[in-house]
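The values are calculated or read from the model by the stated rules, or taken from the named source; none is laboratory data. Predicted model only: the values in this text are computed from it and were never measured. Cβ placement follows ideal geometry from the backbone for every residue including glycine, while neighbour counts extend to all protein chains displayed.
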Amino acid sequence: MTTDKPEVMLIGPLKPVVVKGLDAICAVHKVAEARDRDAFIAAHSHVRAIACSDTACKIPGDLMARFPKLEIVASFGVGYDHMDVKWAMAHDVVLTNTPNVLTEEVADTALGLLLCTVREFPQAERYVRAGKWLERGYPLTKATLRNRTVGMVGMGAIGQAIARRLDAFGVPVVYHTRQPRRDVSYLHCPSLIEMARAVDILMIIVPGGPGTQNLINAEVLDALGPDGILINMARGSVVDEPALIKALQDKRIMAAGLDVFAKEPEVPQELIAMDNVVLLPHLGSASVYTREKMDQLIVDNIAAWTAGKPPLTPVAETPWRSWNKG
């Protein structure tokens, strides 16, 4: 295929915003339309840009290596553990994600999940549907936000947006990160274990990847204690899922609200069976409005690259440099 337009390899579902936006500025090679994926990639190994429209599509180093002239991978999602960052760093490939445009949506979802878990709203709704209210009123909930402190594990943009909402609810917030943040006024807790011991709710909002694998383990859960509630809005990998299941079964923590799981979309039957666990199908940013904003940011990053300009949202490990422009 000969074209005057820059060429880009599109990996993942053919989302309308992504396809329309890229088609307007590039010659787009759509892997989803290929009968033979490997042969299709081999035939277009000269392309210098990849667009990835879903974090379910892995971008390992051996895939990027099939494009010797590769300069940029523009991917969907704020998390980028589905891409091989170390390989990209070593081979001068810029990776971009889609942060900021989903911050408020994820924070809204986090508050919804927190309220549902603390006040048992899904359980109460099922109670009404089952006709049980005709027999007797729903039991008083054991938990409330009125006497609780939330410990934030992570205090990035989304964590700060969640904290602002908790401020409005009158709920005290403290946080744990490796280093204290100068741009927030909340109390920083250097020790995750000590913070878990001091708070009533742990809200998890950190990136996935090897650095946070099983960060929330049995020791942290035991520190949280029998009245504690865990909310995971991060990645399933951040929580030791078997340890969480055991802690819930043994009543070493009170409840959990989970938007993410270790092997999505598989959810352990043990969690499904528990009535003190609220389960969501990774809804964090899942509104039409926000997902279209994220899709457009993929296009905008590629558009900047085609114009010889720095991408809008390169990840921290792979900053744009002048020599990336080819």
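All conditions but one from (1) over 22 Å from A256 (Cβ atoms); (2) more than 24 Å from the chain's Cα centre (by Cα) apply to Q179; the one that does not is (2).
Looking at P226, is it touching a residue at least 24 places away in the same chain (Cβ under 8 Å), in contact with a Gly (Cβ under 7 Å, 6 or more places away or on another chain) and not aliphatic (A, V, I, L, M)? Spelling it out, it is not the case that P226 is touching a residue at least 24 places away in the same chain (Cβ under 8 Å), in contact with a Gly (Cβ under 7 Å, 6 or more places away or on another chain) and not aliphatic (A, V, I, L, M). Would it be correct to say that I72 is under 21 Å from the mean Cα position of the chain (by Cα), assigned by TED's automatic domain parsing to the domain that holds D300 and within 15 Å of V315 (Cβ to Cβ)? Taking the combined requirement at face value, the residue does not satisfy it.
Being at pLDDT 95 or above and either under 21 Å from the mean Cα position of the chain (by Cα) or β-branched (V, I, T) (or both) narrows it down to one of A49, A88, A42, A56, so name that one. Within the list A49, A88, A42, A56, the selection yields A88. Tell me, yes or no, whether the range 249-258 has at least one residue that is acidic (D, E), in contact with a His (Cβ under 7 Å, 6 or more places away or on another chain) and assigned by TED's automatic domain parsing to the domain that holds T141. No, that holds for no residue.
Filtering the range 125-162 to residues that are surrounded by 13 or more Cβ atoms within 10 Å (Cβ to Cβ), closer than 30 Å to Q179 by Cα and over 17 Å from the mean Cα position of the chain (by Cα) leaves L145, R148, T149, V150, G151. A single member of A198, A218, A304 is touching a helix residue (DSSP H, G or I) at 6+ places or on another chain (Cβ under 6 Å), surrounded by fewer than 20 Cβ atoms within 10 Å (Cβ to Cβ) and farther than 27 Å from A124 by Cα, and it is A218. The set of residues in the range 11-20 being assigned to a helix (DSSP H, G or I), over 20 Å from V78 (Cβ atoms) and among the hydrophobic types (A, V, I, L, M, F, W, C) consists of V19 alone.
Of all residues in the range 236-272, which are of a type in the set (A, V, I, L, M, F, W, C) and surrounded by fewer than 16 Cβ atoms within 10 Å (Cβ to Cβ)?
So in the range 236-272, the residues of a type in the set (A, V, I, L, M, F, W, C) come out as 238-239, 243-245, 247-248, 253-256, 258, 260-262, 267, 271-272.
Of everything in the range 236-272, just one residue is of a type in the set (A, V, I, L, M, F, W, C) and surrounded by fewer than 16 Cβ atoms within 10 Å (Cβ to Cβ), namely I272.
Restricting the search to the range 52-87, which residues are among the hydrophobic types (A, V, I, L, M, F, W, C), under 29 Å from L283 (Cβ atoms) and in contact (Cβ under 8 Å) with a residue 60 or more places away in the chain?
Hits for the range 52-87 are C52, A74, F76, V78, V85.
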